[in-house]
Amino acid sequence: MPFAAAASLSMPDKPSIAVLPFQNLSDSAEQDYFVDGMAEEIIMALCRIRWLFVIARNSTFTYKGQNVDVRQVSRDLGVRYVLEGSMRRANERVRVVSQLIDGETGTHLWADSFDGTLDDIFELQEQVASRVAARIESRLQLVELQRSARKPTTRLDAYVFHLRGLAHLNKYTEPALAEAVGMFESARALDPDYSAAAAMISGCRTIQVAQGWGPVSRADIAGEHQDLLCGRPRK
């Protein structure tokens with residue numbers, strides 16, 4: 001057992017993730033080095049996302065070779081999200097499959113596969129890791145924003161604007177995000193205490209800055225909800 005059940009950790013303030021060792025689905029155990037290297041590259045790529053708390057390799061690799069419940073891993077390591085994956089080799093071609101899971105509910109949030117050749121192992125690992133990290137970052141931005149939207153308002157009209165904002169946000173395009181901000185601002189105009197709408201505005205502004213979508217000033221993303229996506233150090 002990597003961790004005793006009683007040693008479960010509390011969640012950090014910022015969104016958190018653990019990358020489990022990938023499974024080697026090839027016929028040869030000699031491919032373990034490549035599979036382990038892939039998980040390590042993904043961990044390093046995710047560590048470049050400043051608002052994301054990433055568990056170190058020496059903690060997650062204690063689960064190598066085990067059939068684990070991601071919800072237990074989430075409790076053991078104190079993380080909200082878990083990434084798991086596998087690699088299969090056929091001659092000189094490989095397929096890497098990865099999936100992102102909500103560690104609290106066991107819900108699958110995202111999955112994808114990546115194909116390549118072994119002409120340059122290190123280049124392939126870096127390419128796959130970069131693509132996985134980029135797609136996880138986009139997905140978690142949306143998930144974290146939606147998580148912040150759960151506090152209701154007593155104003156039905158403000159709630160309607162809020163729902164319209166979420167619909168635009170889910171399209172995840174530059175014009176749709178601008179529309180989303182307008183909807184959330186309308187919700188706050190009707191209910192200035194609608195904290196979920198305020199958090200969504202700040203989160204949308206943060207995404208706009210990260211994606212380079214339009215001129216957004218620091219003042220646009222400042223406020224009490226700014227740490228929704230930027231995160232704070234773990235206590």
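The values are calculated or read from the model by the stated rules, or taken from the named source; none is laboratory data. Model, not experiment: these values are computed from the prediction. Every residue, glycine as well, gets a Cβ built from its backbone with ideal geometry; the counts of neighbours run over all protein chains shown. Note: areas computed on protein heavy atoms with side chains; ligands, DNA, RNA excluded. Shrake-Rupley method; radii C 1.70, N 1.55, O 1.52, S 1.80 Å.
Multiplying the residue separation of GLU30 and ASP193 by 0.36 nm and removing their Cα-Cα distance gives an extension gain of 52.8 nm.
With a simple spin-label model that places each label point 7 Å from the Cα along the Cα-to-Cβ direction, the separation between ASP115 and ARG95 comes to 0.8 nm. Placing dummy labels 7 Å off each Cα toward the beta-carbon, the span from GLN211 to ASP157 is 3.0 nm. Normalised by the number of residues in the range 56-171, the mean separation of alpha-carbon contacts (under 8 Å, six or more apart) gives a relative contact order of 15 percent. Quick check: Cα centre of the range 66-98 to Cα centre of the range 117-134, how many Å? That distance is 16 Å.
Probe radius 1.4 Å, ligands and nucleic acids ignored: give me the carbon and sulfur share of the accessible area of the range 33-76 as a rounded percent. The computed percentage sits at 47. Once the 1.4 Å probe is applied to the protein heavy atoms, the range 69-118 comes out at 43 Å² accessible per residue.
The mean accessible area for residues of the range 138-214, using a 1.4 Å probe and ignoring ligands and nucleic acids, is 46 Å² per residue.
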